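First up is the structure itself, then whatever we jot down about it.
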Amino acid sequence: MAGPLHGFRILDLSAVISGPFGTMILADQGADVIKVEMPGRGDFTRQAGNRRGGVSAAFLNNNRNKRSITVDMKTPQGVDVIKRLARDCDAIVQNFRPGVVDRLGVGEAAIRAVAPNIVYVSISGFGETGPFADRPVYDPIVQALSGLASVQGGSDQERPRLVRTILPDKLTAVTASQAITAALLARERHGTGQHVRLSMLDAVVAFLWSSDMGGQTYVGKTVSQQRAASFIDLIYETKNGYMSVAVMTDPQWQAMCRTFGHAEWIDDPRFATTAMRDINIDDRLGLIQSVLIEDTTEAWMAKLDAAGVPCAPVLTRNELIEHPQIQASGITYENEHPEAGLLRQARNAARFSETSPEHRHAAPGLGEHTDEILDEAGYS
């Protein structure tokens, strides 16, 4: 069955992760995504490590279900091709540094001149204005500037730490996919395309505000420094590994105390309420760790799960693939690639009851669909 975005066409000028991962979400959901790449070189991720059959995993996992065309946008003929393709597209996505698309001749004004109602999407590192707007950007730079590294460090007094995945890039991509869909819906309702602007900095700061910026929420209420959340996080060591135990409600706290054989903690004034357990978090987590180290992860999982206490083992990436919950949910699936062979990938996270997305094809070879796409655009 065709996906929910079947019939929409996206012209994808973006590269690396922040744009391509977002457009792959749309492609997985049925959109016809035309990936534009430089001849002979292609997307930077094509040259990344971890390869098989001459194809990189980084490219495969961000460009599934797309078609590839090679166009030299530094030539007038290449710009003309982009404009002609744009006429038949619903949206165009680019993540060049601010100003580059205008110099190339494929900025919003130039594209809208030939496609008045197109949704034009610009993804940047820091936005279009401000002292950082023209600076080169990579994921760690955004983690530093956004406050994410400070949050990850645990407090303002501790050494900032990076999240050990490119969260700003991927979060921007997910945000972009939602924003593009929203803009297409608005165009369906009102007939007008618009310019959607999104930066990696925008995405991360908005993401953090949901749960990590309470001290900055009340204007006029000064917060000098963010205190440490706790001296350890919610990953505990057991006799044979690691696990997470997280309790929020009073019944969960009480169930955990009884399971641990420490019912006296229930009446301890330090832990009598959610607020007190938060204030005395170091004492609380230290006590929990002292108990969990006495037995194996599997033994504690059985006991805590039976008591209704939220818990999970800490899985390595290889263990994740074989875990029964991952398999039962069908989160990963296998597909064949003509060069790289049998692949395992994660399906699109959203599931649709009536318009279930399908795996149409693997990530394309460089320029694989050039003739096909140019033929559709009317070229001889």
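Tally up the carbon and sulfur contribution to the accessible surface of the chain as a whole percent, 1.4 Å probe, everything protein left in place.
Values: 10820 of 20130 Å².
C and S atoms contribute 54 percent here.
Residue by residue through segment 85-102, what is 3J(HN,Hα) from phi via Karplus (6.51 cos²θ - 1.76 cosθ + 1.60, θ = phi - 60°)? Round to whole Hz and write x for glycine and proline.
Along segment 85-102, the couplings run 5, 4, 4, 9, 10, 8, 8, 10, 10, 9, 10, 5, 4, x, x, 5, 5, 5 Hz.
Could you work out how far the C-alpha centroid of segment 311-342 sits from that of segment 107-163, in angstrom?
Cα centres, segment 311-342 to segment 107-163: 31 Å.
Report, in deg cm²/dmol and to the nearest 500, the calculated mean residue ellipticity at 222 nm for the chain, where each DSSP H run with n ≥ 4 adds -39500 (n - 2.57) and the sum is divided by the residue count.
Numbers: 16 runs with 143 residues, N = 380.
Value at 222 nm, helices only, nearest 500: -10500 deg cm²/dmol.
Given a Förster distance of 45 Å, report the FRET efficiency between Y138 and A307 from their Cβ-Cβ distance, rounded to the nearest 0.05. Before the final figure, lay out the partial values.
Values: r = 45 Å, r/R0 = 1.00.
In this case the efficiency is close to 0.50.
Please list, or write none, the aspartates and glutamates whose alpha carbon is within less than 12 Å of the alpha carbon of K239, excluding same-chain residues fewer than 8 places away.
E294, D295, E298
Looking at the chain, send over the antiparallel percent of its DSSP beta bridges, to the nearest 5.
Values: 14 of 35 bridges.
Of those bridges, close to 40 percent are antiparallel.
Under the 0.36 nm per residue contour assumption, what length would be gained going from the current alpha-carbon distance of S290 and S356 to full extension? Don't skip to the end; give the middle numbers.
Details: separation 66, 0.36 × 66 = 23.76 nm, distance 4.74 nm.
Going from the current span to full extension adds 19.0 nm.
Please give the per residue accessible area of segment 1-148, computed with a probe of 1.4 Å over protein heavy atoms only, in Å².
On the way: 5970 Å² over 148 residues.
Here the per-residue accessible area is 40 Å².
Could you work out the relative contact order of the chain? I mean the mean sequence separation of Cα pairs under 8 Å and 6+ apart, divided by the number of residues, in percent. Provide the component values of the computation, followed by the final result.
Details: 638 pairs, mean separation 80.7, N = 380.
Reported as a whole number, the value is 21 percent.
Of A86, A246, A15, which is the most mobile in a GNM of the chain whose springs link Cα atoms less than 10 angstrom apart?
Evaluated over the chain, the most mobile residue of the options is A246.
Please sort by residue number the chymotrypsin sites (Phe, Trp or Tyr not before Pro) in segment 142-226 whose DSSP state is loop and whose Cβ has at most 12 other Cβ atoms within 10 Å.
Values: sites: F207, W209, Y218; in loops: Y218.
Those that pass, being in a loop and sparsely packed, are Y218.
Accessible area per residue of segment 261-318 at 1.4 Å probe, in Å²? If you can, show how the numbers build up before the last one.
Working: 3230 Å² over 58 residues.
Dividing the accessible area of segment 261-318 by its residue count gives 56 Å².
When the chain is treated as a GNM, springs tying every alpha-carbon pair under 10 Å, which of M213, M73, M200 comes out with the largest mean-square fluctuation?
Most flexible of the set in this elastic network: M213.
Run the numbers on segment 1-54 and let me know its relative contact order in percent, using alpha-carbon pairs under 8 Å that are six or more apart.
Details: 59 pairs, mean separation 21.6, N = 54.
In percent, rounded to a whole number, it is 40.
Within straight cross-link reach of K74, meaning Cα distance under 24 Å, which lysines are found once same-chain residues fewer than 8 apart are removed?
K35, K66, K83
What is segment 1-129's relative contact order, in percent, from Cα pairs under 8 angstrom and six or more apart in sequence? It would help to have the intermediate numbers written out before the result.
Details: 222 pairs, mean separation 33.8, N = 129.
Relative contact order comes out at 26 percent.
Segment 198-301: which GluC sites (Glu not before Pro) are DSSP loop and have at most 14 other beta-carbon atoms within 10 angstrom?
Numbers: sites: E237, E264, E294, E298; in loops: E294.
Answer by residue number: E294.
Could you work out the longest stretch of the chain that avoids the trypsin sites (Lys or Arg not before Pro) located in DSSP loops with at most 13 other Cβ atoms within 10 Å?
Values: sites that count: R41, K74, R164, K221, R227, K239, R351.
It runs 240-350.
Between (i) 46, 25, 18; (ii) 34, 27, 17; (iii) 34, 24, 21, which matches semi-axes √(5λ) of the Cα gyration tensor in Å calculated for the structure shown?
Calculated semi-axes √(5λ) of the Cα gyration tensor in Å: the matching label is (i).
Length gain on complete extension for the stretch D371 to L342, per 0.36 nm per residue less the alpha carbon to alpha carbon distance?
7.8 nm
The values are calculated or read from the model by the stated rules, or taken from the named source; none is laboratory data. In this text, all values refer to a predicted model and were calculated from it rather than measured experimentally. Here Cβ is always computed from backbone atoms with ideal geometry, including for glycine, and neighbour counts include all displayed protein chains. Keep in mind that these areas ignore ligands, DNA and RNA; they rest on the heavy atoms of the full protein, side chains included. Shrake-Rupley method; radii C 1.70, N 1.55, O 1.52, S 1.80 Å.
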